[in-house]
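Participant: After the structure tokens below, expect a handful of questions from me.
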Amino acid sequence: MERDWEGKLKDKQDFQKLMRRILEPLLPYYSKGRAGLSLGETAASYGKKAIALEAFSRPLWGLVPFWAGGGSHPQFESVYREGLAAGTDPENEEYWGGFCDFDQRFVEMAAIAYGMILAPEKVWDPLGKKEKAQLAGWLYGINEHDLPICNWVLFAVLVNLALKKRGQAYDAEKLERYLQGMDSFYLGDGWYQDGDSGQKDYYVSFAIHFYTLFYAKVMEGEDAERSNRYKERASLFAQQFIYWFDEEGGAIPFGRSLTYRFAQVSFFGACLMAGVEPFPLGVMKGLIVRHFQEWMRRPIFDRDDILTIGYGYPNLVMAERYNAPGSPYWAMKSFAILMLEDGHPFWEAEAEPMPKLKAQLALPKADMLIRRYEGHVTAFVPGSYSPAGHGQTPAKYGKFAYDSRFAISMAKSNFELHEAAPDSMLAFVIEEYVYVRRICKSFQVTEREVTSLWSPYEGICVKTTIVPTQEGHIRRHVIESSRDCIAYDCGFAVEADVEGERQEAMEDAALVENGHSGCLVSSKEGGGEGHVILADPNTNLLHPMARIPSVCYRIQKGKNEIVTEIKAHYKGR
């Protein structure tokens, strides 16, 4: 994509062109019966039939609003007319299959339901009577099996809405029960947790708010009270969620499903879809435009212009167990804006800078403290998360700091420090193994600091207090240890193998910098020694090669107190 990306995103035609540019490379890879896409050979925790369905379904997150907004693409229209018929026909060799509890197929039903509601003339009307009955019957299967208690309940809401809108049998009792159950996830200030996992991450924005705003759009006339409540919550959420983005459109890489990339901004498109304007249209447009431009400049597509699993570049190290070759096309949710009518003022609005935001803000419902610096944004978190991980969970939730420009790194193993790549962590090395903060025992987030009590290893307890400063942050660790060991307090991972690269380990500090960014880590108490970690290639989310400045402390049996200062700068590129 970056080879011929022009960067212009002003009017509706520009966004339509970008959507087509991302999806049209898929056309040669649809199966003979059009019910699947073969995009790669890597596996996921579900079978090949579900993998093919996922790749088939997710482009609809972009195509459906494109069609609903008046767009036409005969090739894709033919593909989806044939594919929907083949995939739901039990006699067809490309039949997507029946179900079990917690079935991945239920996830992919949501995009099909989206199309049946918004663009029935493309997704539903072209089907014959038997084909409609088969599709409706297949979709109804979501009502006959258990779903995990999380954002998945909203897939059933969308499916039942679609069946209802198209005059098919649906489960009214489950529709209402799931809606009420989803309300139990609400925490206040616009924030939800993702069901019984307790997670507060991008699923709040690109799943729960996205689907509830869609509900508000299509059900406002029938369920005004609930629809208005969803809109009010989205408006509250927007006032805090905007802090996750820096001035140039970069977002904080935090939590799971980061391979969905520009889905990070889809919440604001969902707001526009539902008529919610928490900020002036120019501000919302500016954020959306800059975010798309950020991603389109990155090497996130392969040689055939297919989206890859990864973040800033192709990278399986960071993947979850539910990431299959078609998974990244969840990012197409950000094209919800394409359903806006041609005369909508959004298309005429000029892209404006970010509004004036506070330099520092606590998000108590999100367990997060945000600090805005020149050129980048940092989120400080206590490391509280569900123990039921999907892949690299400690790295995605357990670090001290998450930054829009200094992306986190993923461990290849915990055997060697360079393989563990423990940026923004206090990493204990015990008998050659590396142990970091996993699940914290207790925590507190205030407007000034983040405190957590945690244990990396049996017999070691750490109380960490993080205080943001104008140039970075200070960490104070009080460590009670039953053994002697060493610990590395690590700063941000900094891009290496680039112009201006410099790294230096000093007596009590370490520095890594290049022509556009840098991080200095200094020991203030505890007698630490500077050390630069040569992180393994492809561990960092944004940069294939990175170095991590750190301070090495000798931890003695008993009580230890160490203080480390982290300073970072980013000048842009």
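Participant: Ala359 - would you say it is within 20 Å of the chain's Cα centre (by Cα) and either assigned by TED's automatic domain parsing to the domain that holds Arg298 or farther than 30 Å from Ile555 by Cα (or both)?
Facilitator: Answer is no for this residue.
Yes/no matrix, rows are residues, columns are (1) in contact with a Leu (Cβ under 9 Å, 6 or more places away or on another chain); (2) outside any helix (DSSP H, G or I):
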site	(1), (2)
Asn160	yes, no
Gly167	no, yes
Val204	no, no
Ile208	yes, no
Tyr215	yes, no
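Participant: Using the structure shown, decide if Lys285 is of a type in the set (Lys, Arg) and either touching a Pro at 6+ places or on another chain (Cβ under 7 Å) or under 24 Å from Lys365 (Cα atoms) (or both).
Facilitator: It is false that Lys285 is of a type in the set (Lys, Arg) and either touching a Pro at 6+ places or on another chain (Cβ under 7 Å) or under 24 Å from Lys365 (Cα atoms) (or both).
Participant: May I ask you to verify whether Ala263 is buried (at least 19 other Cβ atoms within 10 Å of the Cβ), closer than 30 Å to Leu135 by Cβ, more than 19 Å from the chain's Cα centre (by Cα) and among the aliphatic types (A, V, I, L, M)?
Facilitator: Judged against the criteria, Ala263 is not a match.
Participant: Moving on to the next point. Is one or more of the residues making up the range 281-292 among the aliphatic types (A, V, I, L, M), within 26 Å of Pro537 (Cα to Cα) and either buried (at least 21 other Cβ atoms within 10 Å of the Cβ) or over 16 Å from the mean Cα position of the chain (by Cα) (or both)?
Facilitator: No, the range 281-292 contains no residue that is among the aliphatic types (A, V, I, L, M), within 26 Å of Pro537 (Cα to Cα) and either buried (at least 21 other Cβ atoms within 10 Å of the Cβ) or over 16 Å from the mean Cα position of the chain (by Cα) (or both).
Participant: Of all residues in the range 463-494 being in contact with a Phe, Trp or Tyr (Cβ under 9 Å, 6 or more places away or on another chain) and among the charged types (D, E, K, R), which is surrounded by the most Cβ atoms within 10 Å (Cβ to Cβ)?
Facilitator: Only one residue tops the list, namely Asp489.
Participant: Pull up the range 285-309, narrow it to residues that are of a type in the set (A, V, I, L, M, F, W, C) and touching a strand residue (DSSP E or B) at 6+ places or on another chain (Cβ under 8 Å), then point me to the one that is farthest from Glu24 (Cα to Cα).
Facilitator: Leu287
Participant: Out of the range 304-333, which residues are part of a loop (DSSP other than H, G, I, E, B) and hydrophobic (A, V, I, L, M, F, W, C)?
Facilitator: Ile306, Ile309, Leu316, Val317, Met318, Ala319, Ala324
Participant: Still on this model: Within the range 519-535, track down each residue that is crowded, with 17+ Cβ neighbours inside 10 Å and in contact with a Ser or Thr (Cβ under 9 Å, 6 or more places away or on another chain).
Facilitator: Scanning the range 519-535 gives Val521, Ser522, Ser523, Gly526, Gly528, Glu529, Gly530, His531, Val532, Ile533, Ala535.
Here is a yes/no grid of residues against (1) surrounded by fewer than 17 Cβ atoms within 10 Å (Cβ to Cβ); (2) at pLDDT 95 or above; (3) in the same structural domain as Thr469 (by TED's automatic domain parsing); (4) closer than 19 Å to Ser205 by Cα:
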residue	(1), (2), (3), (4)
Ile300	no, yes, no, no
Asp304	yes, yes, no, no
Ala319	no, yes, no, no
Ile337	no, yes, no, yes
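Participant: Of Glu54, Glu121, which residue is surrounded by fewer than 22 Cβ atoms within 10 Å (Cβ to Cβ) and not aliphatic (A, V, I, L, M)?
Facilitator: Result: Glu121 is the single residue among Glu54, Glu121 that is surrounded by fewer than 22 Cβ atoms within 10 Å (Cβ to Cβ) and not aliphatic (A, V, I, L, M).
Participant: Okay, moving on. Answer yes or no: is there a residue in the range 61-72 that is of a type in the set (Gly, Ala, Ser), crowded, with 24+ Cβ neighbours inside 10 Å and either modelled with pLDDT under 95 or in the same structural domain as Ser334 (by TED's automatic domain parsing) (or both).
Facilitator: Within the range 61-72, one or more residues are of a type in the set (Gly, Ala, Ser), crowded, with 24+ Cβ neighbours inside 10 Å and either modelled with pLDDT under 95 or in the same structural domain as Ser334 (by TED's automatic domain parsing) (or both).
Participant: I would also like to ask the following. Does the range 131-141 contain any residue that is farther than 15 Å from Leu84 by Cα and in contact (Cβ under 8 Å) with a residue 12 or more places away in the chain?
Facilitator: For the range 131-141, residues farther than 15 Å from Leu84 by Cα and in contact (Cβ under 8 Å) with a residue 12 or more places away in the chain: present.
Participant: Regarding the range 403-424, can at least one residue be identified that is buried (at least 24 other Cβ atoms within 10 Å of the Cβ), in a strand (DSSP E or B) and of a type in the set (A, V, I, L, M, F, W, C)?
Facilitator: No.
The values are calculated or read from the model by the stated rules, or taken from the named source; none is laboratory data. The structure displayed is predicted, hence computed values, not measured ones. Neighbour counts are summed over all protein chains in view; Cβ atoms, including those assigned to glycine, are modelled from backbone coordinates with ideal geometry.
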